[in-house]
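Comments concern the structure below.
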Amino acid sequence: MLTGIQVALIGGDARQLEVIYKCSELDASVILIGFDNLQNQFSGITRSELSPEALEGLDAVILPAVGTDDHGNVESIFSTSELRLTDAHIQALPKHAKIFTGMAKPYLRNLGAKYSIPIVELFDRDDVAIYNSIPTAEGAIMMAIQNTDFTIHGSQSMVLGFGRTGITLARTLQGLGAKVKVGVNKPEYYARAWEMGFTPFYTQDLHNQTANIDLLFNTIPSMIVTAQIIANIPHRAVIIDLASKPGGTDFRFAEKRGIKAMLAPGLPGIVAPKTAGRIIADTLSRIILEDAGQRRNVE
């Protein structure tokens, strides 16, 4: 239980609702900031404006998937008011407090470092990334179905990258009957892809592997699907780039050549916000509970 733990959620989207439910269910004291247009009525929840005073005494601050932009602004679909984290807000936090987010930009990291407040980036954790790979794969396949006139079954599909998302996506495509090629950069990934029944190749040979593909899914967050690669891809092919912005595809050249290419980061929150929210909520509550236990042992 989180009895006696004080938590504030600042901004966010539908995923945050699951976090609110979980924290409330575990008896945490919850403050909502930037939720003034939220219709749900939560018992035992306090609403507040964003101010240094509201953050005093907190054990945890929970920010959206992307904590802040480059200027400290926090997005919230539940508010029309501006939410901006400043030095004064972070300075008001107790030294034992932690800030949780999916991923942090330099602005937020610098604020945390300046005042010795840890920033916990949940999307960097293996467990969260593996759980999130499931709605990501489903969302990517949904986009493929919506943007093609052929079935996944029997298609020549390519997945670039064999990390947490790449493995789940390749397995899901294979389960639907696709012929799956996997681009890797290490011998151990090559061996594992082969063992799982895929057709592996090294990414330096990408140009020679794209001549007959129908679908290309990229998970590598660097420019890999270059103009030279796109020039070798059939016009019927569809590119779905799952890497974080700006992706790893030359979208300008793809458009010029008439190849459909889409950047699709953040799919869990788009296609399955309830599931994505539960993943975040379960992980958050476990970390906060562990931190509380460690503090009690020290005291």
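The values are calculated or read from the model by the stated rules, or taken from the named source; none is laboratory data. Note that this is a predicted model, so its numbers are computed, not measured. Cβ atoms come from the backbone with ideal geometry, glycine included; neighbour counts cover every protein chain shown. Each accessible area value is taken on the protein alone, full model and side chains, heavy atoms only, with ligands, DNA and RNA left out. Shrake-Rupley method; radii C 1.70, N 1.55, O 1.52, S 1.80 Å.
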When region 1-40 is checked residue by residue, the ones that are farther than 20 Å from Arg84 by Cβ, β-branched (Val, Ile, Thr) and surrounded by 20 or more Cβ atoms within 10 Å (Cβ to Cβ) are Ile5, Val7, Val19, Ile20, Val30
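Residues are listed down the side, and each one gets a yes or a no for (1) open to solvent by 20 Å² or more (accessible area, probe 1.4 Å); (2) without any contact (Cβ under 8 Å) to a residue 24 or more places away in the chain; (3) in contact with a Cys (Cβ under 8 Å, 6 or more places away or on another chain):
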site	(1), (2), (3)
Asp149	yes, yes, no
Val159	no, no, no
Thr199	yes, yes, no
Met223	yes, no, no
Inspect region 41-49 for any residue being surrounded by 16 or more Cβ atoms within 10 Å (Cβ to Cβ) and within 26 Å of the chain's Cα centre (by Cα) and give the result as yes or no.
no
Answer yes or no as to whether Ile239 is assigned to a strand (DSSP E or B) and of a type in the set (Val, Ile, Thr).
yes
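In region 247-299, which helices (runs of 4 or more DSSP H) lie fully inside it and hold 2 or more residues that are at pLDDT below 90?
Passing ranges, in order: 267-271, 273-298.
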Within region 184-236, how many residues turn out to be over 22 Å from Met143 (Cα atoms) and part of a helix (DSSP H, G or I)?
18
Can you say whether Pro135 is part of a loop (DSSP other than H, G, I, E, B), of a type outside the set (Lys, Arg) and open to solvent by less than 50 Å² (accessible area, probe 1.4 Å), as far as the supplied structure shows?
no
